[in-house]
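Notes follow once the structure below has been shown.
Each value in this text was obtained by applying a stated rule to the coordinates, not by laboratory testing. Keep in mind that this is a model prediction, so the values were computed, not measured. Quick reminder, even Gly has a Cβ in these numbers, built from the backbone with ideal geometry, and neighbours come from all protein chains shown.
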């Protein structure tokens with residue numbers, strides 16, 4: 001039953017994120033970053049539109065339903081992949097909110113590394 005509640009919560013959060021992202025244009029993202037996030041360490045490069053996150057920001061996303069990991073200097077939101085992780089929940093949760101590069105590289109083949117592009121958020125500053 002607990003898994004069911006997590007799936008519903010994740011679905012609601014994921015839908016809200018997708019709907020919010022779908023209504024934001026490239027110009028809106030730049031304006032948002034320049035105006036309202038000026039005190040935050042999230043940055044958008046005007047030439048590449050790549051978001052940049054601090055390790056402190058990544059560390060806030062450390063749960064089963066909100067899991068960000070840093071792998072090779074890039075930030076990934078792997079939350080929606082966690083239920084499908086063949087190594088089980090505990091092994092992937094160890095890297096949530098952290099730089100999981102060493103753990104990831106030791107356990108995964110190049111094909112798995114290719115899958116990461118589907119979860120890419122931005123770069124670590």
**OP:** Determine, for each peptide in 92-98, 74-80, 103-109, the mean count of other beta carbons within 10 angstrom over its residues, then list the peptides with the highest first.
**Re:** 74-80, 92-98, 103-109
Original post:
Label points 7 Å out from Cα along the Cβ direction at residue 108 and residue 62: separation in nm?
Top reply: 2.0
